[in-house]
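The values are calculated or read from the model by the stated rules, or taken from the named source; none is laboratory data. Keep in mind it's a predicted model, so treat the numbers as computed, not measured. FYI the Cβ positions are ideal-geometry reconstructions off the backbone, even for glycines, and counts take in every protein chain you see. Just the protein is used for accessible areas: all its heavy atoms, side chains included, with ligands, DNA and RNA removed. Shrake-Rupley method; radii C 1.70, N 1.55, O 1.52, S 1.80 Å.
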Amino acid sequence: MSGADRAAAPRASADELTAARERIAGSVIGRERELELALSAVGSGRDLVMEGPPGTSKTTMLTAITAEWGIPLVFVEGNADLTPSRLIGHHNPARVLREDYGPDTFVAGPLVDAMRRGGFLYIEEFNRAPEDTLNTLLTAMADRRIEVPYVGSIAAEPSFRVIASMNPFDNVGTTRLSSSVTDRLNRIVVGYQDADAEEGIVALRTGLSGPLADRIIPDAVAVTRATREHEAVRQGSSVRGAIDCALVAGQLAGLRGVAGPDDERYPETFFDAMLVALSGRIHVDESAETTPERVLREIWEDRFILDPARAEPG
Ligand SMILES: Nc1ncnc2c1ncn2[C@@H]1O[C@H](COP(=O)(O)OP(=O)(O)OP(=O)(O)O)[C@@H](O)[C@H]1O
Ligand SMILES: [Mg+2]
């Protein structure tokens, strides 16, 4: 099958996609638009790149979509070591010595594994993979089959897709994708969600509830979001930082006997949780001559001292 024939790849009907979207919405908070776009692309038989900073639901959405369809999600990390043979697979040298090359000596790599099982091959940090690896992928995407020496032609099951992800702010050790790559991919951009959705995610992932949690969760989300706005910060923390901040704050409050949200020791306890959860997650601009700790103190003062009304529970 040539690249031009790919319109023949199987498609899901509108009804099937609607039902899938509704079931998936149960395990993903918000993201209605992104899920709809992603489902339309993969439901059309197409491949996709998802572009967005870390922690913006890319894996969460793909896990939900593949679980819904009962197909594997095969992970690969894009980096300089991801050679074409790592991606495709290799012949086991010990067995080759005993039995000579043959289909049985082949150990499938993630690409062949995903093709055979009809899974999504999910390549994170796509733009860190070497050029020749990207070219191998292009062939698999265009032809839906690849030639493997001593194995023959391996055809992809119809539900096979290539889904790439990349962080638009990541420009260390990355390849600028050539137009021959970008011309073959659809693209969905994901950004950070709003505060309400992030609070929902933190509540879901931490399982925290009760009066103290009702203060911790909004505080954790607010200070984490502030790291993304601070002028000295190159890249702030994703919702992962808020999840950990809430968890650590809950544990510290327990250890220190902080009774509830109005306990006078709450603010300092919360600050210590911020240091633990966020100081390693924010990347301060070199020219700003400050430190993550100082940035966090400013953010904390802003919420707990300068504008305490905003930090009132409820
Ligand atoms: N919309 C969402 N609904 C529920 N949980 C979410 C959502 N978005 C993110 N999360 C949670 O936040 C964390 C990070 O999300 P996820 O792993 O999907 O990010 P990602 O975009 O794949 O990040 P990376 O680029 O670093 O791989 C996970 O713990 C996930 O459970
Ligand atoms: Mg991910």
Selection from the stretch 83-128 of residues among the aromatic types (Phe, Trp, Tyr) and within 19 Å of the chain's Cα centre (by Cα) yields Phe120, Tyr122, Phe126
Cβ pairs under 9 Å, 6+ apart or interchain, first in the stretch 216-237 and in contact (Cβ under 8 Å) with a residue 60 or more places away in the chain and over 21 Å from Ala253 (Cβ atoms), second of a type in the set (S, T, N, Q) and part of a loop (DSSP other than H, G, I, E, B), ordered by first then second residue, are Thr227/Ser237; Ala232/Thr290; Gln235/Asn167
The residue that is nearest to ligand 2 (Cβ to nearest atom), considering only those in the stretch 111-123 that are crowded, with 20+ Cβ neighbours inside 10 Å and not aliphatic (A, V, I, L, M), is Tyr122
*Quick check: anything in the stretch 162-172 of a type in the set (A, V, I, L, M, F, W, C), under 25 Å from Asp285 (Cα atoms) and within 14 Å of ligand 1 (Cβ to nearest atom)?*
yes
message: Among the residues that make up the stretch 75-84, is at least one of them small (Gly, Ala, Ser), at positive phi and more than 16 Å from ligand 2 (Cβ to nearest atom)?
response: no
If we ask which residues in the stretch 171-203 are assigned to a helix (DSSP H, G or I), at pLDDT below 95 and open to solvent by 30 Å² or more (accessible area, probe 1.4 Å), their number turns out to be 3
The residue from Gly280, Gly250 that alone is within 18 Å of Leu208 (Cα to Cα), open to solvent by less than 70 Å² (accessible area, probe 1.4 Å) and not aromatic (Phe, Trp, Tyr) is Gly250
Checked the stretch 27-54 for anything under 29 Å from Arg281 (Cβ atoms) and open to solvent by 20 Å² or more (accessible area, probe 1.4 Å); matches are Ser27, Ile29, Gly30, Glu32, Arg33, Glu34, Leu37, Glu51, Pro54
If we keep only residues of the stretch 226-244 that are within 16 Å of ligand 2 (Cβ to nearest atom) and under 14 Å from Val284 (Cβ atoms), then the residue most open to solvent (accessible area, probe 1.4 Å) is Gln235
